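Heads up, the thing below is written out as structure tokens.
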Amino acid sequence: MGNKDTALTVLGSNTSAATFLASVSLTLSSLIGAWIANNSDVFKSELIYGDTRSSTMSIKYISLLICFILAFSCFVQSTRCFIHANYLVSIPLSDIPAKYVELAVIRGGNFWALGLRALYFAINLLLWFFGPIPMFATSLVMVVLLHHLDTNTALLHRHRFPGKPLLGI
């Protein structure tokens, strides 16, 4: 029973985090939409290096908006997968294979990673408003950061106990 409680706690935490990031992405999308509708001239000063024509600014706004909407949809799908795994774990007296739960959790994690990538890319697009040089510098930093986060030199160990299923269900 302890393994099931731990699994439900972890799934609940992941669901809460994905829901929070989905709401942040949707809020930022709404702000970008309001910013587009306002037609403000914030990014048309001498401090901004680069093209500040209205057509170019529209492309920048729409690109950033698409990025936030993509992040929102990925986090919603992540939440859906984590809730599905939560239902599979919490069914009393079930004989659902642990492989189904594992698949739902892996899919949720993949959507979570895609949503975070969309937010990381949105940072680059946001700095594009200030010109190509800040965007290029941020892109280089992002590539180094993601390379560091995505490389794994340690071998992974599967923690399994003989005779027990993966989640103890």
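Any read-out appearing in this document is the output of simple, stated calculations on the displayed coordinates, not a laboratory observation. As the structure is a prediction and not an experimental result, all values here were calculated from the model. Here the Cβ is made from the backbone with ideal geometry for all residues, glycine too, and neighbour counts use every protein chain on show.
Judged by the mean number of other Cβ atoms found within 10 Å, the most tightly packed of the peptides 81-88, 50-57, 21-28 leads the ranking 81-88, 21-28, 50-57. Once both labels are positioned 7 Å from their Cα atoms along Cα-to-Cβ, the gap between T52 and L114 label points is 3.8 nm.
Report the gain in length on full extension from K99 to S13: 0.36 nm times residue separation, minus Cα-Cα distance, nm rounded to one decimal.
28.9 nm
Computed from the Kirkwood radius of its Cα pairs, the Stokes-Einstein diffusion coefficient for the range 96-160 at 25 °C and 0.890 mPa s stands at 169 µm²/s.
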